[in-house]
Amino acid sequence: MRMSGGLVCGAITTTALGVVLIMLPGYQVRDYADMDPVYGLGGALPAAIGAALLIAKVRVGNTWPPAHVLIPLLFLPLAIAPLVLGLERNRLESVILLGAAAFAIHLSLGRRLAVAWIAVAVAVAGLGLWGLQDRWRAQKFEAVGVPLYLPEVSGYRLSAVWAGRYSVTLKLTEPGGAWFDALLLRSTGEVPCGPGRPGRALLPPIGAPDRLGICLPAGGSLIVTPSNPGPDVAALRSQLSLRKVDGATLAEHPDGVTSYEPD
């Protein structure tokens, strides 16, 4: 009976966890418009209460430990919070990992050394989340759906990256402090691409200085916006080369670009 109770309660808690994660976007975009903490933590509270009430109802007539009712109230907020307050996430893999922890916790109740087994389950889940961060961060860049190319210019190195909702921004800096942002987009937009077009063109400035637009080999475009003072975009037009990369390459660098997507 104890095992069946743990399985039933674990399924309820895991289902509630999955419902909250389904409500969230596939990955977190850290910018001024990021509402994940509000939606995630706001959704975790009613989901936890609903799961606790359901567990309390199915416990009627059974001898399952009453602590089963408390588990979703404690577990859901603690499981959701890291995934909306800074850590990367993959919704499916998060449900599998954290759901396994929920089952382990419920199955531990009423057994010898229950506290120790619960501590082990929480520790394993936490280490699993931490260990999957690089993988999930790489998936985030690839999930944006833009062609991933790294601009290469002598003297400049990739120093920061950012994955948005429809674009990826790379920041390249040189030792003297000059830098430029490279915005990767799915569409060509204002960049003159197509047969008979130059493929690279100076674009009107937004503020200052001028910008450089580049058509990407796999479709889409890249817009270079230099710092002020910064590199000469006319020189970059001929000096800049492109290297195809994957999400894992970009995931090795921290967030820290200077521009974000407009509302």
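On a per residue basis, the stretch 157-239 carries 45 Å² of accessible surface, using protein heavy atoms and a 1.4 Å probe. Fully extending the segment from L78 to A116, taken as 0.36 nm per residue of separation minus the present Cα-Cα distance, adds 11.8 nm. Site pair D246 and A178 shows an inter-label distance of 3.4 nm when each label is modelled 7 Å from Cα along Cα→Cβ.
Packing around the peptides 228-236, 44-52, taken as the average count of other Cβ atoms within 10 Å per residue, puts them in this order, highest first: 44-52, 228-236. For the chain, hydrophobic long helices are taken as DSSP H runs at least 18 Å long by C-alpha position along their axis with mean Kyte-Doolittle hydropathy of 1.0 or more; these are 2-23, 36-59, 70-84, 91-108, 114-131. Between the stretch 1-35 and the stretch 131-146, the alpha-carbon centres lie 20 Å apart. Cysteines of the chain lacking any other cysteine Cβ under 4.7 Å from their own Cβ: C9.
Taking every protein chain into account, the accessible area of the stretch 5-143 amounts to 49 square angstrom per residue (probe 1.4 Å).
Here A100 and E152 are evaluated by their C-beta separation; at R0 = 51 Å the FRET efficiency comes out at 0.75. Across the stretch 157-239, the relative contact order, built from alpha-carbon pairs under 8 Å that are at least six residues apart, equals 25 percent.
The fraction of accessible area contributed by carbon and sulfur in the chain is 65 percent, rounded to a whole number (1.4 Å probe; ligands and nucleic acids excluded).
Okay, helix-only estimate at 222 nm for the chain: each DSSP H run of n ≥ 4 adds -39500 (n - 2.57), divide by all residues, round to 500 deg cm²/dmol; what do you get?
Numbers: 8 runs with 120 residues, N = 263.
Estimated from H runs of four or more residues: -15000 deg cm²/dmol.
Our estimate of slack between A67 and D34, defined as 0.36 nm per intervening residue step minus the Cα-Cα distance, is 8.4 nm. Ordering 78-89, 174-185 by mean Cβ neighbour count within 10 Å, with the highest value first, yields 78-89, 174-185. Hey, what did the chain get for relative contact order, percent, Cα under 8 Å, at least 6 apart? The normalised contact order for the chain reaches 18 percent.
Going by the alpha-carbon gyration tensor, a ≥ b ≥ c the square roots of its eigenvalues, is the stretch 157-239 rounded (a/c under 1.5) or, if a/c is not under 1.5, prolate (a/b greater than b/c) versus oblate? It would help to have the intermediate numbers written out before the result.
Numbers: a/c = 1.88, a/b = 1.30, b/c = 1.44.
Judged from the Cα gyration tensor, the stretch 157-239 comes out oblate (a/c at least 1.5, b/c at or above a/b).
The values are calculated or read from the model by the stated rules, or taken from the named source; none is laboratory data. Everything numeric here is computed off the predicted structure, so don't read it as measured data. Cβ: placed from backbone, ideal geometry, glycine included. Neighbour counts: every protein chain shown. SASA here: full protein model, heavy atoms, side chains in, ligands and nucleic acids out. Shrake-Rupley method; radii C 1.70, N 1.55, O 1.52, S 1.80 Å.
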